[in-house]
1. Could you list, in sequence order, the residues of the range 372-390 that are of a type outside the set (Phe, Trp, Tyr), part of a loop (DSSP other than H, G, I, E, B) and in contact with a Ser or Thr (Cβ under 8 Å, 6 or more places away or on another chain)?
2. Limited to the range 26-70, what total is found for residues that are over 21 Å from Ala270 (Cα atoms), of a type outside the set (Gly, Ala, Ser) and either in contact with a Pro (Cβ under 8 Å, 6 or more places away or on another chain) or assigned to a helix (DSSP H, G or I) (or both)?
3. Within the range 113-122, can one find any residue that is surrounded by 17 or more Cβ atoms within 10 Å (Cβ to Cβ), more than 20 Å from the chain's Cα centre (by Cα), of a type outside the set (A, V, I, L, M, F, W, C) and in a loop (DSSP other than H, G, I, E, B)?
4. Please return the ranges of helices (runs of 4 or more DSSP H) entirely within the range 269-355 where 3 or more residues are closer than 21 Å to Tyr373 by Cα and modelled with pLDDT of 95 or more.
5. Tell me the residue from Val142, Val204, Val234, Val211 that is under 20 Å from Asp113 (Cβ atoms), of a type in the set (A, V, I, L, M) and in contact with a strand residue (DSSP E or B) (Cβ under 7 Å, 6 or more places away or on another chain), please.
6. Taking the criterion of being among the basic types (Lys, Arg), under 28 Å from Glu154 (Cα atoms) and modelled with pLDDT of 95 or more, would at least one residue in the range 187-203 satisfy it?
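The values are calculated or read from the model by the stated rules, or taken from the named source; none is laboratory data. Model, not experiment: these values are computed from the prediction. Ideal geometry is used to build each Cβ from the backbone, glycine not excepted, and the neighbour counts take in all protein chains shown.
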Amino acid sequence: MYNIDQIRADFPIFKRIENGKPIVYLDSAASAQKPQCVLDKMTDVYQNSYANVHRSEYLLADEITTLYENARERIQNFISASSSHEIIFTRNATESINLVANTWGLENLQKDDVILVSEAEHHANLTPWQIVAQKTGAKLKVFKISDTGNFLQEEFEKSLKDNVKLVAVTAMSNVLGTIFPIRQIIQKAHQVGAKVLVDACQGVVHQKTDVQDLDCDFLAFSGHKLYGPTGIGVLYIKSEISKDMPPYQTGGDMVDTVTYEKTTYALPPARFEAGTPAIVEAIGLGEAVSYLSKIGMENISSYEKELLTYFNQKANELPHFKIIGTAKNKGGVISFDYKGIHPQDLSFILSHENVAIRVGHHCAEPLVHRMGYSSIARASFGMYTLKEDIDLFFKALLKADRFF
C-alpha cells in the first residue's frame, strides 16, 4: 500500500510554512526534494567517515571506498545492470551524454553517418550531437512527433535507415510528459545496426527501468531529479562497448601505468572517473535509490497515474485551461496555457500562494517552438505530491483572473 502521508513526512521541506501557507512544490521535473534519509546519510559520512576513495588502506579510506562502491552496486541493482562496472559516476546527465559524444561518438561516427533524435529532446541530448556531427561530417536528423505529443511509429521507422549509427532519445519528455516506447525503439534501431542512447532523466524517476530488458547501449540520468543530491549523475554503458572506448578526461585514478613517455588506462568504470569524484554525493544517490526501491517504483508509478487523472479532471472543469501535450502514454509532467496569460505572470501570481512551477522553454527550445509557443508554464509531480497540492494549484491559478 502506498502511504503518501508517511512518504510526505520523510521530506523535511514540507514542514516549512510561509505566510501561514504550506509549500506546494510542483517543479520536481526540474529538481526533486530530498528525503531525510539522504540528508542524514550525507551528513553522517562527512562527520564520521570522510576521506578520499581508492587511494589508501587506513580505516576511514577503507570505509568510504566501501560506501562509494556500495552506492555503485545499489544503482546497478536499481536499473538492473549486469555488472557494477557498467555504472559510471558523472556530474549529471548532461556530462554523461557529453562523455558518450566525445568518446564513442568521435571514435565511431564518420562522414554521412546519421545520428537520429526526436523532436522532444532536451538540449543536453541535442547539442552534443550537433557538435559531433560538425566534427565528424555525420548528419543529425530529427524524427517528428504528433501535434499532441504522441510518438509516431511510422515517422520513426521512416527515418531509420541503414546509415543511422546512433539513436539518441528521451525516455520521457520533460516538456510534454510523453513516455516513449523505448524498448520498441531499441529493437528497431538494433535491426539496422544502430546503437541507442537513452536520456532517462525523467523516465527513471517515474517508472521501473531495466537496462537489460531494454537492451540499451547507453543510458543517462541525474541524481538530483531522483531524490538524490546535485553534482552526481549516472551513465550506464554496456560492458562490451565501454571496454573499447577512450577516456573522456585524464588525470588521477583513471590510469593503469604512467611514465613520462606513455600512459595506459584503467578498465571501466575507473577509466571514465578522472580525479576525486563526488564521493558523498554518490553515496547520497545510493541512499536515494534504496529509499525508492523500498517503496517500489511500480507503486510510485501507479500513484502518479492517479495524480495525473485527478489533475486532468480538475483541468477539464476550468474553462480556458489548455494542457500542452496530451499523449496517450504520459507521465506527471504537465505544460499548460491559461487564457493566453504569459507564463512569467502566472508563475509570479502562483508564487505569492507558495505554489512552485517552472516557466520558460525548459531547455527544450525547439520543442516548445514546435508546439507553437515561445515560453510555457509547467507543473510536475513527485512521489510526495498530494491531491491537495493540485487543488491549491488550481485555486491559486484562479487568482490570475483578477489581473487579466
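1. Across the range 372-390, the qualifying residues are Gly382, Thr385.
2. Total meeting the criteria: 15.
3. Looking through the range 113-122, at least one residue is surrounded by 17 or more Cβ atoms within 10 Å (Cβ to Cβ), more than 20 Å from the chain's Cα centre (by Cα), of a type outside the set (A, V, I, L, M, F, W, C) and in a loop (DSSP other than H, G, I, E, B).
4. 343-351
5. Among Val142, Val204, Val234, Val211, only Val142 is under 20 Å from Asp113 (Cβ atoms), of a type in the set (A, V, I, L, M) and in contact with a strand residue (DSSP E or B) (Cβ under 7 Å, 6 or more places away or on another chain).
6. Checking the range 187-203: at least one residue is among the basic types (Lys, Arg), under 28 Å from Glu154 (Cα atoms) and modelled with pLDDT of 95 or more.
For every residue, the table says whether it meets (1) closer than 24 Å to His85 by Cα; (2) over 16 Å from the mean Cα position of the chain (by Cα).
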{"residue": "Lys144", "(1), (2)": "no, yes"}
{"residue": "Lys161", "(1), (2)": "no, yes"}
{"residue": "Val169", "(1), (2)": "yes, no"}
{"residue": "Gln207", "(1), (2)": "yes, no"}
{"residue": "Asp210", "(1), (2)": "yes, no"}
{"residue": "Ser242", "(1), (2)": "yes, yes"}
